[in-house]
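Enquirer: My structure is below; once you've seen it, I'll send some questions.
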Amino acid sequence: MSKLKNTSQRRAMRNRSKLARVATERPRLSVFRSSKHIYAQVIDDRRGVTLAAASTLDEKFGKKAGADTASAGEVGKLVAARAKEAGITDVVFDRGGYIYHGRVKALAEGAREGGLNF
């Protein structure tokens, strides 16, 4: 196994183990980042359902959104608005093993601006 793959797996497992201790009462805001898009969803792990979701593939963005920090910030604001509609204000941020930098950080800051607490 390459060192890079091993490092990313260790980072993801460390993040998940910390979340398992904290995320029992609050839903988690999970982030997935691809090379072209970014996705966010608020998940209730006890029931196993997605409560709110947003991505750069949403109709609101059209074809103009892509893999940049501005779009990630807008996705954060959109998922926060949808979570507030569902009655959720407190979440646990699940960065999914990604480093808290760039698009992941922009999404988190957008969600905070939108009214989510984490």
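Enquirer: Return the percentage of antiparallel bridges among DSSP beta bridges fully within the stretch 3-113, rounded to the nearest 5 %.
Expert: The antiparallel fraction comes to roughly 80 percent.
Enquirer: Compute, for the stretch 3-113, the length of the dipole vector about the Cα centre, with Cβ point charges of +1 (Lys, Arg) and -1 (Asp, Glu) only. Units Debye, rounded to 20. Intermediate values should be presented prior to the final figure.
Expert: Values: 24 positive and 12 negative charges, 138 e Å.
That gives the stretch 3-113 a dipole magnitude of about 660 debye.
Enquirer: Residues in the stretch 90-118, backbone N under 18 Å from the label point at Lys64 (7 Å along the Cα-to-beta-carbon vector): list them, ranges by number please.
Expert: none
Enquirer: If you don't mind, another one. Give the residue list of GluC sites (Glu not before Pro) in the stretch 11-75 that are DSSP loop and have at most 14 other beta-carbon atoms within 10 angstrom.
Expert: Working: sites: Glu25, Glu59, Glu74; in loops: Glu25, Glu59.
The qualifying sites are Glu25, Glu59.
Enquirer: While we're looking at this one, here's another question. Distance check, please: which entries in Lys5/Lys84; Lys5/Lys77; Lys63/Lys105 exceed 26 angstrom between their Cα atoms? Write down the numbers at each step before the final one.
Expert: Details: Lys5/Lys84 36 Å; Lys5/Lys77 31 Å; Lys63/Lys105 23 Å.
Going by Cα-Cα distance, Lys5/Lys84; Lys5/Lys77 fall outside the 26 Å limit.
Enquirer: Right, next: Can you give the relative contact order of the stretch 3-113 as a percent, counting alpha carbon pairs under 8 Å and 6+ residues apart?
Expert: Numbers: 182 pairs, mean separation 34.6, N = 111.
Across the stretch 3-113, relative contact order equals 31 percent.
Enquirer: Between the DSSP loop rule and a limit of at most 12 other Cβ atoms within 10 Å, which trypsin sites (Lys or Arg not before Pro) in the stretch 59-117 are left?
Expert: On the way: sites: Lys60, Lys63, Lys64, Lys77, Arg82, Lys84, Arg95, Arg103, Lys105, Arg112; in loops: Lys60, Lys63, Lys64, Arg95.
Filter output for the stretch 59-117: Lys60, Lys63, Lys64.
Enquirer: Which entry in [x] 104; [y] 126; [z] 162 matches volume of the Cα convex hull per residue in Å³ derived from the coordinates of this structure?
Expert: Only one option fits the structure, namely [x].
No lab work stands behind these numbers, since they all come straight from the coordinates. Everything quoted here is computed from the prediction, not taken from an experiment. For neighbour counting, all protein chains shown are included, and Cβ atoms are generated from backbone atoms with ideal geometry for every residue, glycine included.
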